[in-house]
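Throughout, read-outs are computed from the coordinates displayed, never taken from laboratory work. Predicted model, so just to flag it, every value in this text is computed and none were measured. Note that each Cβ is placed from the backbone with ideal geometry, even for glycine, and that neighbours are counted across all protein chains shown.
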Amino acid sequence: LRGPGLHRTSPSVHQSLVDVSVPPTSNRDERAGFDIKVREMFKALRSRRCNKTLIFCNTVETCRNVENALKRKDKRRRRNKVWAYHNALSPEVRLKNLHSFSTSGDDGSGYDDD
């Protein structure tokens, strides 16, 4: 698809890409690789505090793992509210989560995959 305005970042949105590349020594160990990426994610979230954050993942499984890592880190949800948005959720749940994220006045984190 192509069109004016499609896939453009809104001027009011600050986009920050974080490199979470895994060193070659940990590349074959999925768990070690994920742990490294989660550490980098938490470091990026701490250093870039903002009201809302979207984290994009490549797979539903990774999205669920990221969601679980964030929920385990903040069990009482004092720092973040976490909403998932991926194809394994029903359309109703995705719509509800999208609405909750977009209308949240508190800090929020959202996770998405294709």
**Study point:** Shape of region 11-114, Cα gyration tensor, a/c cut at 1.5
**Key:** prolate
Review point. To the nearest 0.05, what FRET efficiency results for K96 and N51 with a Förster distance of 25 Å applied to their C-beta separation?
Key: 0.80
Check your understanding: By average Cβ neighbour count within 10 Å, what is the ranking of 64-73, 29-38, 13-22 from highest down?
Key -> 64-73, 29-38, 13-22
